[in-house]
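Student: Next up is a structure, given as structure tokens.
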Amino acid sequence: MVVLAGASAAAAPAVLAQTSADIPKGEVTKYTFDKSQIFPGTVRDYWIYVPRQYDPARPACVHVNQDGVQYNAPAVFDELIAKKEMPVTIGVFVMHGRVKAPHDQALDRFNRSYEYDGLGDNYVRFLLEELLPEVETKTASDGRPIKLSKDGNDRSIGGNSSGAICAFTAAWERPDAFRRVFSGIGTYVGLRGGHVYPTLIRKYEPKPLRIFLQDGSNDLNIYGGDWWMANQSMQRALAFAGYEVNHVWGDGEHNSRHATQVFPDAMRWLWKDWPAPIKTGLGSTQLQQILIPGEDWKLVAEGYRFTEGPATSPRGEVFFNDIPNNKAYKIGLDLKVTPFAENTNRANGQAFGPDGRLYAVAGNGAAVQRVSPAGGRLAPVKVQADSEKGEWTDLRVWRGELYLKRRH
């Protein structure tokens, strides 16, 4: 098996392959999108693949690919869908944004590295809030309206090089929206922070993701890092953290040849057992020692304007401040939330000291309030305020000493 492709070559749409004559063929239509508010000023082309078997009565599964059409994907999808090796899936193949040149003596400015290599949720928000809703305004050539599933278990995302780390970041940030990741020659190196992923993966609780990695031993080794070693670090980190991960290594360079060969098998593996949901792994052995098996995050309370200054008491109770409402609350050991203090002087950051008292920065930044373990208020500690340098907003207690932080 093998998977995706690479670098500047990844920016060129692939030529569509021919499918067998007896296999129903989907259609591919090109569009342009220039209304992004998340990446303002950009314009980009995108293609929508609609399989013949698609019935708008049931929202379709979705595959999003960066850098346009790659790996002969429409032909691969035709075959896999016909053989029921993947579900009926609408493909969205989108290019990176460009800022158009102001005149014919200049070239367009590519937004590719900013969109793809950067960490955070900007790109996945672009997909979920802008592009996919735009796709749903289109129809197939025969008038079928396009309806996409909103279930992350029904969505895959992939790409090559920077497009691969982009795909992983989208799923990492929003596993509720994308749970199947196809990564070829991924740029998990020091361009815009991607080199931190192997460490983050090991430290975070696992997410419900299934990841397929591909790379080759002759991949890039340049100023940003070593792609070949970085992809192996990703695979080892994902395995360590308990993810469902598969990989194929070869001896290829930074291109899409090996990925194109592997793509069909990779998609079979990513969609195996669908519609059974992708489950969250148990995590590393270290996490398993502190987490309760089968337990997930639970909503304890909601409806507050702010939940600032979370602080844990020596007993394990959690305290937080609702600054606009000038109140403080306590989450007890029974997980019940009760009011802790009224008229808190807009208390902000806070922490417990070794004496068991709760120390909180007053809202005007001119004092540190003290609260006894029983809840009684003690005389505040005045601190020097300086409006030019910014007011005090947060504090930390370390080795019996209290440190204050300003808002700049």
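Every number in this text was worked out from the coordinates using simple rules, so none of it is lab data. Given the structure is predicted, the values throughout are model-derived calculations rather than measurements. Every residue, glycine as well, gets a Cβ built from its backbone with ideal geometry; the counts of neighbours run over all protein chains shown.
Student: If you count, for each residue, the other Cβ atoms within 10 Å and average over each peptide, how do 322-330, 310-318, 99-107 line up from highest to lowest?
Tutor: Ranked by mean Cβ neighbours within 10 Å, highest first: 322-330, 310-318, 99-107.
Student: Work out the length of the dipole vector of the range 8-286 about its Cα centre, built from +1 on the beta-carbon of each Lys and Arg and -1 on the beta-carbon of each Asp and Glu, and round it to the nearest 20 debye. Intermediate results must be reported in sequence, preceding the final value.
Tutor: On the way: 31 positive and 32 negative charges, 98 e Å.
In debye, rounded to 20, the range 8-286 gives about 480.
Student: Roughly what % of DSSP beta bridges within the range 8-286 run antiparallel, to the nearest 5?
Tutor: Percent antiparallel among DSSP bridges in the range 8-286 is about 40.
Student: Moving to a separate point now. What Kirkwood Rh does the chain have if only Cα atoms enter the pairwise 1/r average? Answer in Å.
Tutor: 24.0 Å
Student: Follow-up. Once the other residues with Cβ under 14 Å from the Cβ of Ala82 are scored (Lys, Arg +1; Asp, Glu -1), what is the net sum? Working shown, then result.
Tutor: Numbers: positive: Lys25, Arg52, Lys83, Lys84, Arg268; negative: Asp22, Asp78, Glu79, Glu85.
Surrounding charge for Ala82 is +1.
Student: Check the straight Cα-Cα distances from Lys83 and name the lysines below 20 Å, setting aside those fewer than 8 residues away within the same chain.
Tutor: Correct list for Lys83: Lys25, Lys272.
Student: A follow-up question, please. Top mean-square fluctuation among Tyr359, Tyr46, Tyr114, Gaussian network model of the chain, C-alpha springs under 10 Å?
Tutor: Between Tyr359, Tyr46, Tyr114, it is Tyr359 that shows the largest mean-square fluctuation.
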